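Notes for the one structure printed next.
FYI, it's all coordinate maths here, none of it is from the lab. Values in this document were obtained by computation on a predicted structure and should not be read as measured data. A quick note on method: Cβ atoms are made from the backbone with ideal geometry, for glycine too, and the neighbour counts reach across all protein chains shown.
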Amino acid sequence: MNNSVGNTTRTLWAGLRALLVLTAVCGVLYPLAVTGVAQGIFPGRANGSEVTADGKVVGSALIGQRYELPLKKGQETADPDLRWFQPRPSNGLGTNSVNPQYELILSGATNRAGDNEELIDWVTAAKAAVVRDNSVPGHPVDPADVPADAVTSSGSGLDPAISPQYAQLQVRRVAERNHLGVAQVEQLVDQHTDGRILGFVGEPRVNVLKLNIALKELVDKA
């Protein structure tokens, strides 16, 4: 009987010691080591690729933002603020109905097939809006020139970048709304166009947040 109790006690004590050691190693030492290495080698990425403007964090280079006007009375969807470059549509986004206290934003794709009538209606409406919003006197936008990323959302709905074609399509509208020269805004887009990763991975892209920060700096100097 005593041997049985003793064996059980030793087994429990061995298990407890293993739990304490593993908790210390895996729950404390390893996370501290990984965090320290990340902060030392890739501090920007480790902190969420934060983007700052005027000394304040204004977003992440990895997460898209909307540039919209305040909601008017009776509006359910805000109008875009056409002073700024606009990102891709985000039809996949929704609000968290499970915990409405915090109104968390959920990301996600539209999850519609290519021949889905609702998706076709979204794309048709988005294309008409792009043509309408970006046409300026003497320079109407040809619907055939509207790129795919201007009318479709990404898989997450939070894509931070647009194609150079979509950015260039918005240049005249942005220049007019901010009383800038078209050449100035075109140069801004060129300066913020990133090429393919390693020269062959992905497509050229323009980070909308960084571009709009540079646009604000240009407007402030004008």
May I ask for the angle, rounded to the nearest 10°, between helix 30-41 and the longest principal axis of the chain, with both axes built from Cα atoms and the value confined to 0 to 90°? 40
Multiply the residue separation of E76 and A18 by 0.36 nm, subtract the distance between their alpha-carbon atoms, and state the gained length in nm to one decimal. 15.2 nm
Output row, site K216, 7 Å Cα→C-beta label point, backbone N cut-off 17 Å, window segment 33-75, residues 50-70
May I ask you to derive the FRET efficiency for A125 and R45 from their Cβ-Cβ distance with R0 = 41 Å, giving the value to the nearest 0.05? 0.65
Can you give the Rg to Rh ratio of the chain, both from alpha-carbon atoms, with Rh computed by the Kirkwood formula? 1.19
Acute angle (nearest 10 degrees) that the helix 182-191 long axis makes with the longest principal axis of the chain, alpha-carbon atoms: 20
How far is helix 117-134 tilted, in degrees, relative to the longest principal axis of the Cα atoms in the chain, given as a value from 0 to 90 rounded to the nearest 10? 50
Across the chain, how many lysine pairs separated by 8 or more positions, or lying on different chains, have Cα atoms within less than 23 Å? 4
